[in-house]
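Visitor: Below is a structure I'd like to ask you about.
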Amino acid sequence: MNDPFVLGGVTLRSRLFIGTGKYGSDSQIPAVAEASGAEVITVAMRRVDKGGEGIVSHIPKTMRLLPNTSGARTAEEAVRLARLARAAGCGDWIKIEVISDARHLLPDGYETARATEILAREGFTVLPYINPDLYVARACLDAGAAAVMPLGAPIGTNRGLRTKEMIAILLEELDAPVIVDAGIGKPSEACEAMEMGAAACLVNTAIASAADPVRMAAAFRAAVEAGRNAWLAGPGAVRSVAEGAEASSPLTGFLR
Amino acid sequence: MKLVINGEQVSLDDGLTIDGMLHARGNDPAVVVVERNGDIVPAAAFADTPLADGDSIEIVHFVGGG
């Protein structure tokens, strides 16, 4: 089934994006990446410790890096991080993350939209991480975002699609790709997001915190594919309790 | 000369370039990005960019993140 996902002018075959944070050992990442089938992988940018090793050596060379601007509290800080990330020579995709709420790690929509506008003008492929708020989403898209990335639940919580209703509204109203990011804890939740019409899911903690991250990556791959196929297939109508059941087998020719 | 690297006050020999400083710290120039006084220094210019007294330097790289 040929169902490419074109994002920022790039054609992707996988609709599962993965992260590189929180692994027990970064040496798990190549096997996780392989099992996930993902082509896009997120990274963060931080100060180098003396002689410290970065993450890039653990990422398969064929993957597309999606640096985030985590640590940014304002649009200006996000712009600075994005420019530094691009200077690393790994492309011009950037996940805007502007957070000043240290407890719940909820994104600041106003600062995110401002950063999106500046970076889109500079030619970045901008993927803003947002609350699933229609106005913020529209502001980011009007500012040039290639997609929006609403959260399913707060970052790193594995609590699932708590914002399902709001994400459904984004899916209904927006013409741009919606990539569900953050909070997805189980493959069934990623599957559900895809069944609803999400363009892709970004999963980090759920895979990295699993007892067997490689197997969990494979599970998420299957779930995202299943959900996408279900969306493309077009689910049949749901009957209410009041309508009663409808036999799948013929109601004639009974042996009685 | 005295400068600030990643928020820490350090003393380095006069005339040291960015490339020399990275090697002295054990940082691989191929995988880091350097900002000098707020401006990104292209990797191709590391060897030709001398550090100066009072410089503020940031050396960053990609780490795990979501």
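Visitor: If you scan the stretch B:19-66, which residues turn out to be more than 10 Å from every other protein chain (Cβ to nearest Cβ), in contact with an Asp or Glu (Cβ under 9 Å, 6 or more places away or on another chain), of a type in the set (D, E, K, R) and crowded, with 16+ Cβ neighbours inside 10 Å?
Guide: B:Asp19, B:Arg36
Visitor: Let me ask something else. When the residues of the stretch B:40-66 are narrowed to those that are assigned to a helix (DSSP H, G or I) and not charged (D, E, K, R), which ends up farthest from A:Ala44 (Cα to Cα)?
Guide: The residue in question is B:Ala47.
Visitor: Right, something else. Can you find a residue that is under 15 Å from the mean Cα position of the chain (by Cα), within 22 Å of A:Asp92 (Cα to Cα) and among the polar types (S, T, N, Q) anywhere in the stretch A:36-49?
Guide: Scanning the stretch A:36-49, I find at least one residue that is under 15 Å from the mean Cα position of the chain (by Cα), within 22 Å of A:Asp92 (Cα to Cα) and among the polar types (S, T, N, Q), so the answer is yes.
Visitor: Counting just the residues of the stretch A:146-168 that are touching a helix residue (DSSP H, G or I) at 6+ places or on another chain (Cβ under 6 Å) and within 13 Å of chain B (Cβ to nearest Cβ), which one comes out most open to solvent (accessible area, probe 1.4 Å)? Working first, answer last.
Guide: Of the residues in the stretch A:146-168, the ones touching a helix residue (DSSP H, G or I) at 6+ places or on another chain (Cβ under 6 Å) are A:148, A:150, A:156, A:158, A:160-161.
Next, only the ones that are within 13 Å of chain B (Cβ to nearest Cβ) stay: A:156, A:158.
Details: A:Gly156: 33, A:Asn158: 59 Å².
This residue is A:Asn158.
Visitor: Report yes if some residue within the stretch A:37-55 is within 13 Å of chain B (Cβ to nearest Cβ) and part of a helix (DSSP H, G or I); otherwise report no.
Guide: No: zero hits.
Visitor: So, one more: May I ask you to say which residue of A:Glu195, A:Glu243, A:Glu173 is acidic (Asp, Glu), surrounded by fewer than 24 Cβ atoms within 10 Å (Cβ to Cβ) and farther than 23 Å from A:Asp3 by Cβ? Talk me through it step by step, then tell me what you get.
Guide: Working: A:Glu195 fails: farther than 23 Å from A:Asp3 by Cβ; A:Glu173 fails: farther than 23 Å from A:Asp3 by Cβ.
None of the other options fit; the residue is A:Glu243.
Visitor: Would you mind telling me which numbered condition in (1) hydrophobic (A, V, I, L, M, F, W, C); (2) crowded, with 20+ Cβ neighbours inside 10 Å; (3) part of a loop (DSSP other than H, G, I, E, B) A:Cys201 fails?
Guide: In the conditions (1) hydrophobic (A, V, I, L, M, F, W, C); (2) crowded, with 20+ Cβ neighbours inside 10 Å; (3) part of a loop (DSSP other than H, G, I, E, B), A:Cys201 misses (3) alone.
Visitor: Looking only at the stretch A:63-85, count every residue that is more than 8 Å from every other protein chain (Cβ to nearest Cβ) and in contact with a helix residue (DSSP H, G or I) (Cβ under 9 Å, 6 or more places away or on another chain) and tell me the total.
Guide: 12
Visitor: All but one of (1) open to solvent by 60 Å² or more (accessible area, probe 1.4 Å); (2) free of Cβ contacts under 8 Å to residues at least 24 places away in the same chain; (3) of a type outside the set (Asp, Glu); (4) within 27 Å of A:Val10 (Cα to Cα) hold for A:Ala102; which doesn't?
Guide: Exception for A:Ala102: condition (4).
Visitor: Something else: Residue pairs, Cβ under 9 Å, 6 or more apart or interchain, first in the stretch A:232-256 and assigned to a loop (DSSP other than H, G, I, E, B), second surrounded by 10 or more Cβ atoms within 10 Å (Cβ to Cβ) and modelled with pLDDT of 90 or more. List them.
Guide: So the pair list comes out as A:Pro235/A:Glu195; A:Ala245/A:Arg239; A:Glu246/A:Arg239.
The values are calculated or read from the model by the stated rules, or taken from the named source; none is laboratory data. Here the structure is a predicted model, which is why all the values come from computation and not from measurement. Cβ sites come from the backbone with ideal geometry, for glycine too, and all protein chains shown count toward neighbours. These area figures cover heavy atoms from the full protein model, side chains too; ligands, DNA and RNA do not enter into them. Shrake-Rupley method; radii C 1.70, N 1.55, O 1.52, S 1.80 Å.
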